[in-house]
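The values are calculated or read from the model by the stated rules, or taken from the named source; none is laboratory data. Remember, predicted model here, so these are calculated numbers, not experimental data. Cβ: placed from backbone, ideal geometry, glycine included. Neighbour counts: every protein chain shown. Accessible surface areas use protein heavy atoms only, side chains included; no ligands, DNA or RNA. Shrake-Rupley method; radii C 1.70, N 1.55, O 1.52, S 1.80 Å.
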Amino acid sequence: MAVLTVSAPPSALAAEAVPAALMHDGAPLDPLCFESWIDAPSVDVTTCGTADYIVPVERGVNADAGWHGYTYRLADLPEDAAMRGWVAWRYLGETDAGHVVETYHHGGGTGHFTGVQTVRRDGDRLHLVETHMGGDRCNGGVAAAAVAGGAVAGSVNITPYDLLALALGEQGVPFEAYDDIASCAICCVGTATFVGDDLAWVTLDPPEEGFAGTGETDTPQACLDALPRDSRRSLSPPELARLGRDVLERCAGGG
């Protein structure tokens, strides 16, 4: 199945043993338990793994990397349909707030949704304490995650628009996402690394060709693409702020 070739997001830690709080009936919780927060901030671990819209196909995919989950097909598709999804989670460690997990959901289409959550178990109820990061591929998808020194640390993929938003902070980006500056789910320009709520650094890894359209020379994106930079350059928060000022000066008429 094609889904088995999809690389799971890397983790800074080896697979951690699953604590009893994240087990039910002798097995790790169903990954669907970590996707039920839209309706309520807590779920019943005895029923949260049931869903009538999917049919599990193969369990144990990427189990050697600590993932607990399965490939599946949508229940309304024929059994021989080629499209398969994968839903899974793995344990990262514990903080004072609760247990930290990394989640992954690929529905069989283009989206690959990843996230990092802290959860807490109270009897048969699993409570969402905090969602630390997450998104679809370049739109905040998790590149790496760990629990280190009692805090959640991780890197997320960022687009050029995300880069400017981090660089300019409360000042705001004077351009429109998508229309002026690339912000799509396949427009990765690097990663942002956080320790707790604090930005630690940004690592740039832009494609050589940039993101401006063919023949564009005087657009904000073409201007951003043309700024001098070294490939795989890591920027501290002060350096990132300087990049923001450069963008305002060169690409927005001085801000």
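Rolled with a 1.4 Å probe across the full set of protein chains, the surface gives Glu130 an accessible area near 80 Å². Could you run the Debye sum over the Cα atoms of segment 41-105, one equal point scatterer each and no solvent, and tell me log10 of I(q)/I(0) at q = 0.17, 0.26, 0.27, 0.30 Å⁻¹, two decimals? Normalising to I(0) and taking log10 leaves -0.72, -1.19, -1.21, -1.27.
The helix-only estimate of mean residue ellipticity at 222 nm for the chain, built from DSSP H runs of length n ≥ 4 each weighted as -39500 (n - 2.57), is -3500 deg cm²/dmol after division by the residue total.
Provide the per residue accessible area, probe 1.4 Å, for the chain, rounded to a whole number of square angstrom. Mind dumping the intermediate values first?
On the way: 12650 Å² over 255 residues.
Result: 50 Å² per residue.
Computed about its Cα centre, the charge dipole of the chain is approximately 460 debye, with only Lys, Arg, Asp and Glu carrying charge at their Cβ.
Ignoring any ligand, DNA or RNA, what whole percent of the accessible area of segment 137-254 comes from carbon and sulfur when the probe is 1.4 angstrom?
Whole-percent figure for carbon plus sulfur exposure: 48.
Relative protection proxy for 209-218, 107-116, from highest mean packing down: 107-116, 209-218 (other beta-carbon atoms within 10 angstrom). Calculated on the Cα set of segment 137-254, radius of gyration then Dmax: 14.1, 50 Å. Residues whose amide H lies under 5 Å from that of Ala148, counting only those 5 or more places away or on a different chain, are Ala153; hydrogens are built 1.01 Å from N in the peptide plane.
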